[in-house]
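Below is one structure, written out as structure tokens; comments come after it.
The values are calculated or read from the model by the stated rules, or taken from the named source; none is laboratory data. Everything numeric here is computed off the predicted structure, so don't read it as measured data. Cβ placement follows ideal geometry from the backbone for every residue including glycine, while neighbour counts extend to all protein chains displayed. In case anyone asks, the SASA skips ligands and DNA or RNA and just uses the protein heavy atoms, side chains included. Shrake-Rupley method; radii C 1.70, N 1.55, O 1.52, S 1.80 Å.
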Amino acid sequence: MKKIFKSTLLLLCSICLFTACEDDRDSNPTVKQPTKFVLNTPALADQYIQLSPDNKVNLTWSQPDYGYNALATYQIQVGLVGADAGIEWNEENGDPVYLETTYTQCNVNVSGAEIAEAICKLDGFADKDAYVDKGFRKIAFRVHASILSSLGNDVAGTTIVSNAITFNNMAAYCNIKSLAYIYIVGSCNGWPTPLPTSAETLADWRIYETEIGSKVFKGSVEMPAGELTFRFYSELTGWGSDDNPGGSIGWQAKDEAADFELTGGVYEGNCMPGKGGWRFADFPGGVMNITVDRIQNKVKFELQN
């Protein structure tokens, strides 16, 4: 009985050891460099597609063969098809222009807004004022696949780029990621009506975000001496009203200016969507540093020495 028991134990130990080795191989697979990666031609490739903030574009592709069921990360690149049918990927500083969203699936619905933003970038539009509608044209796509390390870097030997496919009739819209700005409107520039017709007049009366999406606007402007009254506009859609201020930003909702003072050359206070203007009765004239924080709803006006 003792010999049988010992033999049984040895057999069980051997089985456990073999299983452990197999498990170790599963958790540390040998990665194979993939050689084939296919982006499928969409069924809607010849249809007219007007991109918008609300629509999606479906793309599907094969899974690269890494030798095991790997979790790959996919990035989508957009290119412009030139007159000679060649694709202009227009890589900036050697870096491809990829869409912001990455994927781990092989069947995805891509944001029309992201595609339009990439096309605007490829067209070289610096801001919305420079935008020109180029209508329907051929737009190319390809996909970059790789396995990422724990630090988010491509693992060596796992990168592969798909073939390119083309949508033959795709139109972008103005979706340009750039610094937002607000306009200063007041006695300093003669109270021009905040409509698109005043855009040129107000071009030098803009202050910009400190960085894209920060909603903190800073700028320095030369203000005339005397009674100075102003407020801000985030868009040129008209004056607005007490109940519906539109793009107007003031110290209160009601269309009524109030007197404020620069204490030691500085004023700090609140702001809100509204038409209440800031008035400085005896402004000495000079450069005013302006900060409008639309996250904290605060303003700061500082007379530059």
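Quick notes on this one:
- Entry comment: accessible area of region 47-136 is 54 Å² per residue, from protein heavy atoms only and a probe of 1.4 Å.
- Top of ILE115, ILE212, ILE165 by mean-square fluctuation, Gaussian network on the chain, Cα under 10 Å: ILE212
- Only one residue of TYR208, SER149, GLN47 has its Cα farthest out toward the positive end of the dipole of the chain, where Lys and Arg carry +1 and Asp and Glu -1 on Cβ, and that residue is SER149.
- Stretched out straight at 0.36 nm per residue, the stretch from SER241 to ASN107 would grow longer than its current Cα-Cα span by 43.4 nm.
- Qualifying GluC sites (Glu not before Pro) for region 250-283 [loop in DSSP, other Cβ within 10 Å: at most 10]: GLU261
- Considering only GLY190, GLY219, GLY247, the Gaussian network model of the chain with Cα springs below 10 Å gives its largest mean-square fluctuation to GLY190.
- Rolling a 1.4 Å probe over the protein heavy atoms leaves TRP191 with an accessible area of roughly 90 Å².
- Flagged links, alpha-carbon separation over 18 Å, of LYS275/LYS298; LYS36/LYS56; LYS215/LYS300; LYS218/LYS300: LYS36/LYS56
- Calculated FRET efficiency for the pair LYS56/ALA85, C-beta based, R₀ 22 Å, to 0.05: 0.25
- Sulfur and carbon atoms: percent of accessible area, the chain [1.4 Å]: 50 percent
- Centroid-to-centroid separation of region 45-102 and region 151-192 [C-alpha atoms, Å]: 15 Å
- Near ALA171: Cβ cut-off under 13 Å, other residues only, Lys/Arg at +1 and Asp/Glu at -1. The net charge is +1.
- Given charges at beta-carbon only (K, R positive; D, E negative), |dipole| of region 46-106 in Debye: 280 debye
- TYR267 - accessible surface, heavy atoms, 1.4 Å probe, Å² rounded to 10: 30 Å²
- Residues in region 121-152 that a label on ASN169 would reach, taking backbone N under 13 Å of a point 7 Å out along Cα→Cβ: 136-138
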